[in-house]
Every structure is written in structure tokens, then in C-alpha cells.
Amino acid sequence: MILKIVKKCSVLFAFIFQFSNAQTTYFVDNLIGVDTNNGTAMATPFKSIAKINQLELKPSDSILFRRGGQWIGNFVPKGSGAKNKRIVIGAYGSGSAPILDAQGRVSKGEIVSYTIQLFNQEYIELRDLKIKNYAVSETPRAYPLKNNITYVYAPKMGIYIEGRDSGTLHDIQLINLEISDVNGDMSTKDNGGVFVEITRDKNISKQVKSNFDGLYVEGCYIHNVDRTGWSNRSVWDRRSLKSSWGETLANGKIHNWYPNTNAVFRNNKFEKAGANALIVRVAKSPLVEHCFFTHNGIKGSGNASFPFNCDDALFQYNEASYTYYNTEADGWDHKPDVDAGGFDSDWNCKNTIIQYNYSHHNGHGGILICNDGSSKTSFNDGTIIRYNIFEDNGHHIVRNSGTTTNTKIYNNVFFAGKMNDSVQLIYHKSWNGYPDKTEYKNNIFYSLGKGNRFEFTESTNNTFEANTFFGNIKNEPEDLAKSKKNPLFKSAVTSGTQWKSYLRFLLKNESSDINQGVKIEGHPMEDFLGNPIKGSPDRGVFENQ
């Protein structure tokens with residue numbers, strides 16, 4: 001009898017537990033929805049953002065907006081998912097993606113405007129939405145430009161994600177989103193399409209070191225946003241090249257570097273950001289691959305994409321093109337920023353790898369390696385630039401700036417066409433100090449313009465081995481295994497904008513650069529196209545098959 005009662009209680013408890021943890025899907029429809037509905041069926045949807053902001057979401061719950069619908073306001077979902085039980089916020093039905101637009105509105109108690117905010121939440125997936133934050137009529141902040149023109153508005157974000165004294169927050173996914181029309185503040189990089197930050201309480205006793213483990217951005221189109229497409233920051237960011245947790249740094253501050261992990265950006269398009277398209281800060285092994293950056297920096301100069309204060313960042317299979325270089329002739333009263341290139345290994349980075357990328361027609365450089373030598377704690381060490389194609393970039397191709405160390409640049413194609421005159425093929429410059437120990441091996445420098453040259457200034461310990469220098473080039477560096485022969489590309493005619501145009505830089509079978517590269521420790525096993533590398537590598541980016 002007791003056994004039967006126990007069994008009945010167990011069944012009842014299991015039923016109650018299953019019911020209380022059941023997945024709930026909430027539907028939102030701005031046409032037929034009513035906020036007094038239960039919202040759990042397409043026939044009885046909610047109507048407003050105000051209503052769904054009141055929900056306490058549980059693991060595996062979903063909020064789905066009707067395709068073709070539009071909503072105005074600040075969406076602040078509550079609750080977190082759990083491992084393998086993400087909360088999903090997305091779309092249902094057919095037609096165009098649902099549009100969420102804050103229109104510059106600021107939530108009560110906030111000082112910035114966002115369309116979607118996540119605060120101390122984890123296991124959240126945002127997908128299949130169009131997100132905007134455009135204020136038609138607002139008073140811009142004062143920003144001195146010629147003719148009294150201003151571009152600066154209050155800080156705005158399409159998506160704002162914050163972690164504060166939370167410990168580690170897991171698994172935030174942004175999938176198949178279109179984020180656009182965010183007219184934000186051009187005076188700061190910390191706003192735009194998506195902004196993610198780790199903050200802390202002013203009271204030291206309440207502070208908990210925090211980070212994100214899992215920031216996934218895939219299949220998103222981020223465009224026409226100010227100032228950045230995607231950026232982040234963290235208050236747990238202090239360190240020097242060889243310091244460890246708790247040590248006192250040369251500037252008197254304490255090492256507290258606590259990086260984000262599993263930050264992945266894949267198959268995204270960034271276009272017409274006011275300045276930078278993608279900035280990844282304070283991260284361990286972030287991955288950026290198969291992304292397309294084009295026509296960024298339209299209101300203020302900035303490299304299209306870069307890691308900052310990261311270890312082991314990997315940028316691969318990306319294309320960066322037509323980054324715009326703003327000049328005083330464009331109406332700027334202040335001196336324009338000198339950054340307007342495709343890729344950048346920025347300061348306080350260690351062991352960055354930039355490989356298998358195509359950087360072309362950028363206004364001010366193909367790639368930058370840098371750090372500010374005036375800082376007592378800054379560094380940039382161990383950057384590797386390999387198997388990339390740099391084509392027709394303005395002013396310079398490679399800029400190595402500041403007190404960078406141990407940079408390796410090998411198996412790249414550096415191409416400057418007939419329209420590119422007075423280009424610095426390599427430009428080592430001072431940023432309160434000069435680069436040291438930079439290696440160039442197995443590269444092909446192909447220069448058709450007039451006055452193209454190398455500029456090493458007072459940088460030290462530069463080495464060149466097994467490089468090819470062809471065309472109009474001034475002051476070639478010493479290289480005991482250099483070649484000055486035509487590498488015999490399939491075609492050396494300046495290309496248009498198509499990614500596949502890189503195939504012009506395949507070597508003909510009779511090229512003298514085949515098997516003439518030197519072996520390099522840590523050399524990858526594949527070329528630009530994924531072909532295997534056996535024996536001595538070819539110079540340039542393609543192995544002759």
C-alpha cells in the first residue's frame with residue numbers, strides 16, 4: 001500500500017516537474033495581437049514589446065515575432081536559458097524579417113539607446129530579425145566640422161549586451177540578423193550595430209571578475225551603423241607582455257586580464273560602418289572567418305577589422321575592400337585618423353595570425369601591425385601575416401608601427417597596379433618607438449606603379465629571405481635569395497571587386513618561383529586554396545599543382 005502511494009506521488013511529481021519545465025513559445029503579432037491574450041498560439045498572440053518585456057522567460061522558451069511585422073521601442077527580455085536549452089528570440093511565418101526599431105528611445109534609467117538589451121543573461125539566441133535604431137529628429141552632439149556639419153548623435157546600439165559582476169556568462173548567439181540604420185555617436189567606438197561589454201560595480205567589495213564564454217555571430221549583415229559594426233570592451237583588461245594575475249605593472253596598476261573565450265564571427269557581411277566594422281577586444285583565441293568587409297569608414301577613418309588586447313586571434317578567409325580614407329578635403333576640421341586599411345593586429349595583442357585573406361582597394365593600407373611605444377605596458381608580439389593577397393591598397397601595403405616585436409610576414413602577394421604610384425610597399429614607422437625583429441620570407445612584391453618603395457626608418461633587425469621583387473621598386477632590401485624575375489602570374493591585370501579575381505595570382509607552370517621558398521617553423525600545411533604544401537613551398541600564396 002505504501003509502495004503504491006509512493007509510486008502515485010512519484011508520477012504526480014514527475015508530471016508537475018515536466019509541466020513546470022515545459023517549453024513555452026510566445027507569439028507576437030502587431031496586427032492581430034492583443035496583450036490580454038495568452039500569447040502561446042499563433043491565433044492568440046501578444047501585440048506589444050511592453051507586454052513581452054514583462055515575461056519571465058525560462059530555459060527553452062521562445063519569443064517569435066511575425067514576419068512582416070514592425071515594432072518600435074526598447075526590447076528587454078528577462079531570464080536566461082541553460083546548457084542545451086537556449087532561449088530563442090526569432091521569427092515565424094513567411095515574408096520579410098520582423099523589424100524592431102528603438103527610434104532613438106532611451107529606457108527609463110538608461111543613458112544610451114538600444115533596441116535589444118541583454119543584461120547578465122546567458123544561453124540566449126537572437127535570430128532572423130531586422131534590428132534598427134534610427135532617430136529621425138534628435139539634436140546631435142557638438143562635433144566640429146566644416147560648414148557647421150555634424151554627424152554625432154547620442155550613443156546608440158542595435159543590440160547592447162552587458163555583463164556586470166556576473167562571473168562567466170555563456171553562449172550568446174546572434175544568427176542571421178540584419179542590423180542597420182543606427183545613427184550613433186561618431187566620437188566613440190563603443191556604440192553602433194552591436195556593443196558588448198563587461199562592467200563592474202564601483203564598490204570594490206561587490207566586484208566579481210567576469211567574462212563571456214561563447215559570443216557567436218554568424219550569417220549577419222551589419223550595415224549603415226555608427227560608429228562601429230560590432231565592438232566590445234571589458235574592465236578586466238590590464239596586463240603587459242609577460243605579466244600574470246595580481247602582479248603590479250610598470251604603470252602601477254594591477255594585472256587583471258580576464259579574457260572572453262569562444263568568440264566566433266563567421267559568414268558575416270559588414271558594410272558602410274561609420275568607421276570600424278569589427279573590433280574584438282580582451283579575448284582568448286577569437287576566430288573571424290569567411291567575413292566580408294566593404295566600404296567601411298564612410299564618416300570617420302578606421303581599419304575595417306582588428307583584434308585589440310587579445311591572445312591567439314585568428315583571422316582567415318575574409319575579404320576587406322574599399323575602406324574609405326577620410327581627409328581634410330572631405331570636410332573634417334580635425335586631422336583625419338591614419339587608419340583606413342583592411343586588417344590590423346592592434347596593440348596588446350600576442351600571437352595574432354592573419355591568413356588566407358584578400359585585402360584590396362582600401363584607402364590607406366592593406367594591413368597594420370601596431371602598438372603605442374609610449375605606454376609602459378603596451379606590446380604587440382608574435383604577429384604572423386601569411387598567405388594573404390594584398391592588391392591595390394592606397395598609400396602603403398604593410399604598415400608596422402610602434403614597438404612591435406617578432407613579426408613574421410611570409411608567403412603573401414603584395415600587388416600594386418599601374419594606378420598605384422608612390423606606394424610604400426612596406427612602411428615601418430615610429431609610434432613612440434620602432435618595430436624590432438620583423439621577418440619577410442617567401443613573399444612576392446609585384447609593383448607596376450611609379451615611385452613605389454620600401455621605408456624602414458629606424459626599425460631594427462629586419463630580415464628578408466627568399467622574396468621576389470618585380471617591377472618598379474625603389475630601394476629593395478637585401479635578400480641573399482631574392483629573385484627579380486617576373487613571377488608569371490596567370491594575369492597581372494588589375495582586377496575588379498570579385499573575390500574570385502584572386503585566381504589571377506596563380507603561378508604559371510614555368511614560373512621561377514615554384515619550389516623556391518624556404519621552410520619556416522610552424523608553416524601551415526595548406527596554401528590559399530587548401531592545396532597541400534609538400535617539400536619546399538612556392539613563393540606567394542598558391543602551390544603549383
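The values are calculated or read from the model by the stated rules, or taken from the named source; none is laboratory data. These numbers come from a predicted model, not from an experiment. All Cβ positions, glycine included, derive from the backbone under ideal geometry; neighbour counts span all protein chains shown.
Would you mind finding the one in N232, N296, N262 that is part of a strand (DSSP E or B), more than 12 Å from the chain's Cα centre (by Cα) and closer than 24 Å to G342 by Cα?
Matching residue, one of N232, N296, N262: N262.
Residue by residue, here is whether (1) of a type in the set (G, A, S); (2) part of a loop (DSSP other than H, G, I, E, B); (3) modelled with pLDDT under 90; (4) surrounded by 14 or more Cβ atoms within 10 Å (Cβ to Cβ) holds:
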{"residue": "A481", "(1), (2), (3), (4)": "yes, yes, no, yes"}
{"residue": "S491", "(1), (2), (3), (4)": "yes, yes, yes, no"}
{"residue": "I514", "(1), (2), (3), (4)": "no, yes, no, yes"}
{"residue": "I520", "(1), (2), (3), (4)": "no, yes, no, yes"}
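Provide a single number: the residues in the stretch 166-199 that are under 17 Å from Q117 (Cα atoms) and assigned to a loop (DSSP other than H, G, I, E, B).
Residues meeting the conditions: 5.
It is to be established whether one or more residues within the stretch 444-463 are small (G, A, S), surrounded by 19 or more Cβ atoms within 10 Å (Cβ to Cβ) and over 21 Å from E391 (Cβ atoms).
Checked the stretch 444-463: at least one residue is small (G, A, S), surrounded by 19 or more Cβ atoms within 10 Å (Cβ to Cβ) and over 21 Å from E391 (Cβ atoms).
Look through S374, S378, S359 and report the one residue that is farther than 23 Å from Y434 by Cα and either polar (S, T, N, Q) or assigned to a helix (DSSP H, G or I) (or both).
S359
Looking at Q103, Q18, Q23 in this structure, which one is on the phi > 0 side of the Ramachandran plot and either at pLDDT below 95 or surrounded by 15 or more Cβ atoms within 10 Å (Cβ to Cβ) (or both)?
Numbers: Q18 fails: on the phi > 0 side of the Ramachandran plot; Q23 fails: on the phi > 0 side of the Ramachandran plot.
Residue meeting the stated conditions: Q103.
Which of the residues that make up the stretch 44-85 are of a type in the set (A, V, I, L, M, F, W, C), over 27 Å from the mean Cα position of the chain (by Cα) and closer than 17 Å to T24 by Cβ? Full working, then the answer.
Just the residues of the stretch 44-85 that are of a type in the set (A, V, I, L, M, F, W, C), to begin with: 46, 49-50, 52, 55, 57, 63-65, 71-72, 75-76, 82.
This time we only want the ones that are over 27 Å from the mean Cα position of the chain (by Cα), so: 46, 49-50, 52, 55, 57, 63-65, 71-72.
Hits for the stretch 44-85 are F46, I52, L55, L57, I63, L64, F65.
Does the stretch 300-314 hold any residues that are assigned to a loop (DSSP other than H, G, I, E, B) and crowded, with 20+ Cβ neighbours inside 10 Å, and which are they?
G300, S301, G302, N303, A304, N309, C310, A313 - these are the residues of the stretch 300-314 that are assigned to a loop (DSSP other than H, G, I, E, B) and crowded, with 20+ Cβ neighbours inside 10 Å.
Within the stretch 271-293, can you find the residues that are within 21 Å of I353 (Cα to Cα), in contact with a Ser or Thr (Cβ under 9 Å, 6 or more places away or on another chain) and assigned to a strand (DSSP E or B)?
If the condition is that a residue be within 21 Å of I353 (Cα to Cα), in contact with a Ser or Thr (Cβ under 9 Å, 6 or more places away or on another chain) and assigned to a strand (DSSP E or B), then L278, I279, V280, R281, A283, K284, V288, F292, F293 are the ones that fit.
Residues in the stretch 234-251: is at least one within 26 Å of Y134 (Cβ to Cβ) and touching a residue at least 12 places away in the same chain (Cβ under 8 Å)?
No, because not a single residue in the stretch 234-251 is within 26 Å of Y134 (Cβ to Cβ) and touching a residue at least 12 places away in the same chain (Cβ under 8 Å).
Which pairs turn up if I take residues in the stretch 114-130 that are closer than 22 Å to A82 by Cβ and look for partners that are hydroxyl-bearing (S, T, Y) and part of a strand (DSSP E or B) with beta carbon separation below 7 Å, at least 6 apart in sequence or on another chain?
Q117/Y160
Name every residue in the stretch 40-69 that is over 20 Å from D101 (Cβ atoms) and hydrophobic (A, V, I, L, M, F, W, C), in order of residue number.
Just the residues of the stretch 40-69 that are over 20 Å from D101 (Cβ atoms), to begin with: 40-44, 54-62.
Once the filter is applied, which keeps residues that are over 20 Å from D101 (Cβ atoms) and hydrophobic (A, V, I, L, M, F, W, C), the stretch 40-69 yields A41, M42, A43, L55, L57.
Each row is one residue, and each column tells you yes or no for (1) in contact (Cβ under 8 Å) with a residue 12 or more places away in the chain; (2) under 24 Å from I172 (Cβ atoms); (3) β-branched (V, I, T); (4) touching a Lys or Arg at 6+ places or on another chain (Cβ under 7 Å).
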residue: Y26; (1), (2), (3), (4): yes, yes, no, no
residue: L31; (1), (2), (3), (4): yes, no, no, no
residue: L55; (1), (2), (3), (4): yes, yes, no, yes
residue: R67; (1), (2), (3), (4): yes, yes, no, no
residue: F75; (1), (2), (3), (4): yes, yes, no, no
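Any residue in the stretch 165-177 that is among the acidic types (D, E) sitting within a Cβ distance under 7 Å of a residue that is modelled with pLDDT of 95 or more and in a strand (DSSP E or B)? List the pairs, counting only those 6 or more apart or interchain.
Between residues of the stretch 165-177 that are among the acidic types (D, E) and residues that are modelled with pLDDT of 95 or more and in a strand (DSSP E or B), the close pairs are D171/G214.
Filter the stretch 195-234 for residues that are of a type in the set (A, V, I, L, M) and farther than 30 Å from D181 by Cβ; which is modelled with the highest pLDDT?
Kept after step one, since they are of a type in the set (A, V, I, L, M), are these residues of the stretch 195-234: 196, 198, 204, 208, 215, 217, 222, 225.
Next cut, farther than 30 Å from D181 by Cβ only: 204, 208.
Numbers: I204: 93, V208: 97.
Restricting to residues being of a type in the set (A, V, I, L, M) and farther than 30 Å from D181 by Cβ, the top hit is V208.
So how many residues does the stretch 200-214 have that are buried (at least 21 other Cβ atoms within 10 Å of the Cβ) and part of a loop (DSSP other than H, G, I, E, B)?
1
Output yes when any residue across the stretch 181-192 is out of contact with any Lys or Arg (no Cβ under 8 Å at 6 or more places or on another chain) and buried (at least 17 other Cβ atoms within 10 Å of the Cβ), and no when none is.
The initial filter retains those residues of the stretch 181-192 that are out of contact with any Lys or Arg (no Cβ under 8 Å at 6 or more places or on another chain), namely none.
No, because not a single residue in the stretch 181-192 is out of contact with any Lys or Arg (no Cβ under 8 Å at 6 or more places or on another chain) and buried (at least 17 other Cβ atoms within 10 Å of the Cβ).
Would you call I473 more than 31 Å from the chain's Cα centre (by Cα) and β-branched (V, I, T)?
On the way: more than 31 Å from the chain's Cα centre (by Cα): yes; β-branched (V, I, T): yes.
Yes, satisfied.
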